[in-house]
């Protein structure tokens, strides 16, 4: 099992952002992570990737406990992540951004741009990219670190239907290339279509886990998040 969280808890003063969350990520799958704003989704990613230190619980990667590791250490181990708001180096080109992820290895950087379809615009300044291209560059730069587990945080935000479909296909391609994905998303049509399993957080706790069809018809999930039964 590539990644496991056991009883993961994160407190910010009196606020409990995560409360005893268990997670098992199976090799080669896309695990969707959904829930209302403030339910703890990004906090979970931040705890796994070293941006936050968990208050309690364990993070285990490929059989080794990595709880409390620094973000650069987690990245070197083989876990990469994207951000809700793209953070390209806007004064650099697309390729130069990817080179930062690959620590200067041009072959790996170019391979990552090929994987996400940005090779044709490798010399374009990041400041001139569209919202969609910036989100794809986030994926490309993360892939340039050569991760085995990729944590994707709301890559569909702000995209039109055509761009969403293109990104759905891209995530499938990345998984088929041998990587395991944890994917946080609010675009239900996308995550229901592409995720193999879905886990639901609400107020910092896991309230459901199952296949997309099971989650879409769960009364607890409908009440807490979806609002009405999702038609697949």
*Scan 91, 141 and give me the residue that is surrounded by fewer than 17 Cβ atoms within 10 Å (Cβ to Cβ), farther than 18 Å from residue 194 by Cα and free of Cβ contacts under 8 Å to residues at least 60 places away in the same chain.*
91
*Looking at (1) touching a residue at least 24 places away in the same chain (Cβ under 8 Å); (2) surrounded by 15 or more Cβ atoms within 10 Å (Cβ to Cβ), which is the only condition residue 67 fails?*
(1)
*Taking interchain pairs and intrachain pairs at least six residues apart, which have beta carbon atoms under 6 angstrom, with the first residue in region 3-32 and touching a residue at least 60 places away in the same chain (Cβ under 8 Å) and the second surrounded by fewer than 15 Cβ atoms within 10 Å (Cβ to Cβ) and assigned to a strand (DSSP E or B)?*
20/7
*Qualifying residues in region 70-88 (those that are out of contact with any helix residue (DSSP H, G or I) (no Cβ under 6 Å at 6 or more places or on another chain), part of a loop (DSSP other than H, G, I, E, B) and in contact (Cβ under 8 Å) with a residue 40 or more places away in the chain) - the one surrounded by the fewest Cβ atoms within 10 Å (Cβ to Cβ)*: 87
*Can residue 166 be described as modelled with pLDDT of 95 or more and either in a helix (DSSP H, G or I) or buried (at least 20 other Cβ atoms within 10 Å of the Cβ) (or both)?*
yes
*Would region 214-230 turn up any residue that is within 22 Å of residue 37 (Cβ to Cβ), crowded, with 18+ Cβ neighbours inside 10 Å, without any contact (Cβ under 8 Å) to a residue 40 or more places away in the chain and within 15 Å of the chain's Cα centre (by Cα)?*
no
_The listed residue being outside any helix (DSSP H, G or I), at pLDDT 95 or above and at positive phi, out of 104, 38, 32_ = 104
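The values are calculated or read from the model by the stated rules, or taken from the named source; none is laboratory data. None of the values given here were measured: they were computed from a predicted structure. We place every Cβ from the backbone using ideal geometry, glycine too, and count neighbours over all the protein chains shown.
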